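Enquirer: First the structure, which I've put down as structure tokens, then a few questions once you've had a look.
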Amino acid sequence: MDASPICHLPQDTLHMIFSTLPLRQIMICRSVCKFFNQTLTSSSFINFISTHRRSLSLLALRPSHHHSHHRHLHSYPSFHVFDVTSNKWIRFDLSFLPFRSVSPVTSSLGVVYLWGGSSELDNSLVVCNPDS
């Protein structure tokens with residue numbers, strides 16, 4: 001029986017793919033198959049993730065005008081996130097987005113999720129990577 005196509009990928013490509021996963025998911029992937037276990041426990045992978053994982057550890061989102069209690073004022077040109085690594089709030093400008101209103105939803109693994117739209121009834125989930 002032929003090996004799975006993933007087994008034919010270059011080692012550095014596999015490292016990049018797996019390094020995007022949270023640590024918990026990496027641990028789970030180790031039990032998928034012997035190949036994954038060998039790849040994810042190799043010294044080269046451990047070295048790779050220790051030197052290449054640099055995504056922001058964003059803990060909380062806050063609109064720039066977070067004191068507003070009116071739904072119709074939820075049109076923010078920016079928002080703030082708390083970076084636990086540097087222990088400070090960081091401001092992100094959202095003027096590059098093609099939406100009239102943008103509201104922060106959550107963040108996870110360095111990626112920020114926002115609701116963006118031209119009206120209350122026409123919203124889209126927007127995913128932003130502040131690192132890029």
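Enquirer: Taking neighbour Cβ counts within 10 Å as the exposure measure, how do L40, L23 sort from fewest upward?
Expert: L23, L40
Enquirer: Another question about this same structure. Using 0.36 nm per residue, how much length does the chain from Q25 to N87 gain when fully extended, once their Cα-Cα distance is taken away?
Expert: Contour length minus the Cα-Cα distance gives 19.7 nm.
Enquirer: Sort T51, T39 so the one with the fewest other Cβ atoms within 10 Å of its own Cβ comes first.
Expert: In increasing order of surrounding Cβ atoms, one gets T51, T39.
Bear in mind that the values in this text are calculations on the coordinates, not laboratory data. These numbers were taken from a predicted model, which means no experiment stands behind them. With ideal geometry, Cβ positions are generated from the backbone for all residues, glycine too; neighbour counts draw on all protein chains shown.
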